[in-house]
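The values are calculated or read from the model by the stated rules, or taken from the named source; none is laboratory data. It should be emphasised that the depicted structure is a prediction, and the values quoted were computed from it without experimental measurement. Virtual Cβ from ideal backbone geometry, glycine too; neighbours counted across all protein chains shown.
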Amino acid sequence: MNDNYVYRIKRVIQGTFFILAASFLGWGFTPATEWFAGLILGTFFALLSVLFLAWKVHRVVQAALQYKGQKRRVTLGTSSRFSLAILAAIIALQFPDTFSLSGMMIGLLLPTMITYIDAIYMHTKMRKKEKGVKRCAY
Amino acid sequence: MELGVLAAAIAVGLAAIGAGVGNGMIVGRTVEGVSRQPEARGTLQTIMFIGIGLVEAIPIFAVVVALIALFG
């Protein structure tokens, strides 16, 4: 896999694990245990889904390079990721006393938000670096 | 119950249309770009990952909302 791609995915996983650790602390030390349990459930399934997406994107790009000009069927695994979200929702609906639905829904969106925020952060960082290089050159 | 089924169907259906069109555009352009310029693979792959993540967040949310409308 490409170094930049692996680095980005590692950053997303790192951020998600950070949120998961904070959620476990909230679950253990605050009275809102159901909400944090739902958040942990949603974040865990969303993390699985992000890892699966990263692997599938790598496979699609690899297939585009490897089988140039040939017909090749590669899927993005959308149905599998939807199934993961459905599984999380069914668990939260089955045990409403243990897992909060709102927490689970927020947890499902967290890794995506982390990816987006990280992309903006990296972009601004690169821009600043490029500007610095240009200033040094002139 | 009947209205719940209708709500679920509309939510999932509209979200699936959006995700289908969006994913198709992202993947199509990325594959085109990678085959034209294989050395830009890393950047394009990263952009595709971020794009698909963003596009599919809404349908996933819609599926959960539909499930809540059905069984909640």
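Just one of the numbered conditions (1) surrounded by 20 or more Cβ atoms within 10 Å (Cβ to Cβ); (2) touching a Phe, Trp or Tyr at 6+ places or on another chain (Cβ under 9 Å) is not true of residue A:25; which one?
Condition not satisfied by residue A:25: (1).
Given the conditions (1) within 27 Å of residue A:10 (Cβ to Cβ); (2) at pLDDT below 90, and given that residue A:71 satisfies all but one, which numbered condition is not satisfied?
Going through the list (1) within 27 Å of residue A:10 (Cβ to Cβ); (2) at pLDDT below 90, residue A:71 breaks only (1).
For the subset of the stretch B:32-55 comprising residues that are within 15 Å of residue A:78 (Cα to Cα) and hydrophobic (A, V, I, L, M, F, W, C), which member is surrounded by the fewest Cβ atoms within 10 Å (Cβ to Cβ)?
In this case the residue turns out to be B:54.
Please find, within the stretch A:46-64, the residue that is modelled with the highest pLDDT out of those that are farther than 25 Å from residue B:61 by Cα and facing chain B (nearest Cβ under 7 Å).
A:61
For the stretch A:16-45, give me each residue that is more than 15 Å from residue A:115 (Cα to Cα) and within 13 Å of another protein chain (Cβ to nearest Cβ).
Those that are more than 15 Å from residue A:115 (Cα to Cα) and within 13 Å of another protein chain (Cβ to nearest Cβ): A:38, A:41, A:42, A:45.
I'd like the residue in the stretch A:65-100 that is farther than 23 Å from residue B:15 by Cβ and of a type in the set (D, E, K, R) and, out of all such residues, is nearest to the other protein chains (Cβ to nearest Cβ).
Among residues in the stretch A:65-100 that are farther than 23 Å from residue B:15 by Cβ and of a type in the set (D, E, K, R), the one nearest to the other protein chains (Cβ to nearest Cβ) is A:68.
Would you check if residue B:21 is of a type in the set (Val, Ile, Thr), out of contact with any Gly (no Cβ under 9 Å at 6 or more places or on another chain), in contact (Cβ under 8 Å) with a residue 60 or more places away in the chain and more than 9 Å from chain A (Cβ to nearest Cβ)?
Answer is no for this residue.
Got a number for residues in the stretch B:51-64 being at the interface with another protein chain (Cβ under 8 Å from one of its Cβ atoms) and β-branched (Val, Ile, Thr)?
Of the residues in the stretch B:51-64, 4 are at the interface with another protein chain (Cβ under 8 Å from one of its Cβ atoms) and β-branched (Val, Ile, Thr).
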